[in-house]
1. Among the numbered criteria (1) closer than 22 Å to ILE98 by Cα; (2) at pLDDT below 95; (3) of a type in the set (D, E, K, R), which one does LYS54 miss?
2. Quick check on this structure: which one of ALA117, ALA74, ALA70, ALA48 is of a type outside the set (Val, Ile, Thr) and touching a strand residue (DSSP E or B) at 6+ places or on another chain (Cβ under 6 Å)?
3. For residues that are small (Gly, Ala, Ser) and part of a loop (DSSP other than H, G, I, E, B), scanning just the stretch 186-204, find the one that is nearest to ASN23 (Cα to Cα).
4. Out of all the residues in the stretch 148-167, which are in contact with a Pro (Cβ under 9 Å, 6 or more places away or on another chain) and outside any helix (DSSP H, G or I)?
5. Go through the stretch 214-243 and give me each residue that's assigned to a helix (DSSP H, G or I) and touching a Leu at 6+ places or on another chain (Cβ under 6 Å).
6. Scan the stretch 168-185 residue by residue and report those that are farther than 15 Å from TYR222 by Cα and outside any helix (DSSP H, G or I).
7. Give me the pairs, please: first residue somewhere in the stretch 152-172 and within 14 Å of PHE227 (Cβ to Cβ), second residue anywhere and at pLDDT below 95, beta-carbon distance under 6 Å, and either six or more positions apart or on two chains.
8. Just to be sure I understand the filter: pairs with C-beta atoms under 6 Å, separated by 6 or more residues or on different chains, first member in the stretch 179-206 and touching a residue at least 24 places away in the same chain (Cβ under 8 Å) and within 20 Å of ARG137 (Cβ to Cβ), second member in a helix (DSSP H, G or I) and of a type in the set (Gly, Ala, Ser). Which pairs pass?
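The values are calculated or read from the model by the stated rules, or taken from the named source; none is laboratory data. Keep in mind that what you see is a predicted model, and the values were worked out from it rather than measured. For neighbour counting, all protein chains shown are included, and Cβ atoms are generated from backbone atoms with ideal geometry for every residue, glycine included.
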Amino acid sequence: MTYTPPKVWTWDQENGGQFASINRPIAGATHDKDLPVGKHPLQLYSLATPNGVKVTVMLEELLAQGVNEAEYDAWLINIGDGDQFGSGFVDVNPNSKIPALMDRSGDAPQRVFESGAILLYLAEKFGHFLPKDHGARTECLSWLFWQMGSAPYLGGGFGHFYAYAPEKFEYPINRFAMETKRQLDVLDRQLADHPFIAGADYTIADMAIWAWYGQLVLGRQYGAADFLDVASYKNVMAWAQKIDARPAVKRGRMVNRTFGEPETQLHERHDASDFDTRTQDKIGDTPS
C-alpha cells in the first residue's frame with residue numbers, strides 16, 4: 001500500500017510501536033520532579049543504552065587511571081516511565097534524552113548534555129583519553145563526531161525498523177541495513193591499519209563508537225548479527241572484543257542497567273564498592 005502524506009502532519013499518539021508512549025512532537029517537562037543529588041561533585045542521570053554506556057565507561061576508565069576526582073553518583077532515568085520528562089531532568093537536558101551530567105565541583109553547577117559533549121568535557125577536565133597533539137586530537141574528534149552523526153542511522157533507522165516498528169517493511173529495513181553495513185565497512189577499513197579508531201591510542205572515540213558498533217558486532221543489538229553478517233567485519237570484531245575485555249568497560253556496562261541477568265545490573269552507582277556483589281563478566285543484550 002502506498003502512503004500519501006497529508007497536507008499538514010498531525011500526531012497519532014498510538015503510532016510508533018514499542019516506544020509510542022514516550023515519543024511526542026513537543027519538548028518540555030510533563031511533570032514536576034526534582035533530581036536526586038548524591039555525595040560526589042559529578043552527578044550522572046542515565047540509563048545503560050549505548051549512549052549512556054559511553055559515559056559510564058569513560059568515568060570508570062578515569063577511575064581506573066587513578067583520577068579520584070572522577071568519582072560519581074549515577075542515578076537511573078527510566079525512559080520507559082517518562083523520567084526524562086520530569087522538570088528536574090529537563091533543567092539539565094532540555095532535549096529530554098539520556099545521559100545528562102551535572103558537575104558541582106566549581107563555583108556554580110555546570111550542566112552537560114549530549115553524550116559526545118560529556119565525553120569531551122570529561123576528557124578535557126581530567127586530561128585523559130584525548131590526545132594533546134593537535135593533529136591527533138583533531139583525528140580523535142573527527143571520529144567522535146562521526147559516531148554522533150552516524151549512529152542515528154543505526155539506532156533510529158535500522159534498529160527501529162528492523163526490531164521495534166509495529167510493522168516490518170522491506171524498503172526502510174533494506175535502506176538502513178545498507179547504510180549500517182557501509183558504516184561498518186568504514187570502521188573495518190580504518191581498523192585494518194590502526195589498533196584503535198583514531199590511531200595508536202585508546203580514546204573517547206573508541207568509547208563512543210564501541211558503545212554502538214562494538215556491541216552491534218558482539219551480538220548485543222537488535223538480534224541482527226546474522227542478518228548484517230557482522231562476522232565479516234574482522235577488524236571491527238577484533239577491536240570490539242579487545243575493548244569488551246577491559247575491566248572498566250565491564251563495570252561501565254553495568255551501571256544504570258535494568259535488563260539482563262540480575263547480577264549484571266547496577267541500577268544506581270554511588271561508590272566503587274557497589275560492584276562488589278555483582279558478576280561483571282556475564283553481561284548480555286543491550287537495547288538501543
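1. So LYS54 meets the others, but not (2).
2. On the way: ALA117 fails: touching a strand residue (DSSP E or B) at 6+ places or on another chain (Cβ under 6 Å); ALA70 fails: touching a strand residue (DSSP E or B) at 6+ places or on another chain (Cβ under 6 Å); ALA48 fails: touching a strand residue (DSSP E or B) at 6+ places or on another chain (Cβ under 6 Å).
ALA74 is the lone residue from the list that is of a type outside the set (Val, Ile, Thr) and touching a strand residue (DSSP E or B) at 6+ places or on another chain (Cβ under 6 Å).
3. Our first condition is that a residue be small (Gly, Ala, Ser); within the stretch 186-204, this holds for 192, 198-200.
Applying the additional criterion that residues be part of a loop (DSSP other than H, G, I, E, B) yields 192, 198, 200.
Values: ALA192: 39, ALA198: 35, ALA200: 41 Å.
In this case the residue turns out to be ALA198.
4. ALA165
5. Taking the stretch 214-243 as the starting set, the residues that turn out to be assigned to a helix (DSSP H, G or I) are 214-217, 230-232, 234-243.
Scanning the stretch 214-243 gives ASN235, VAL236, TRP239, ALA240.
6. The one that is farther than 15 Å from TYR222 by Cα and outside any helix (DSSP H, G or I): PHE169.
7. Short answer, once both residue conditions are applied: GLY159/SER288.
8. Sorted first by the residue in the stretch 179-206, then by its partner, the pairs are ILE197/ALA205; ALA198/ALA205; ILE204/ALA123.
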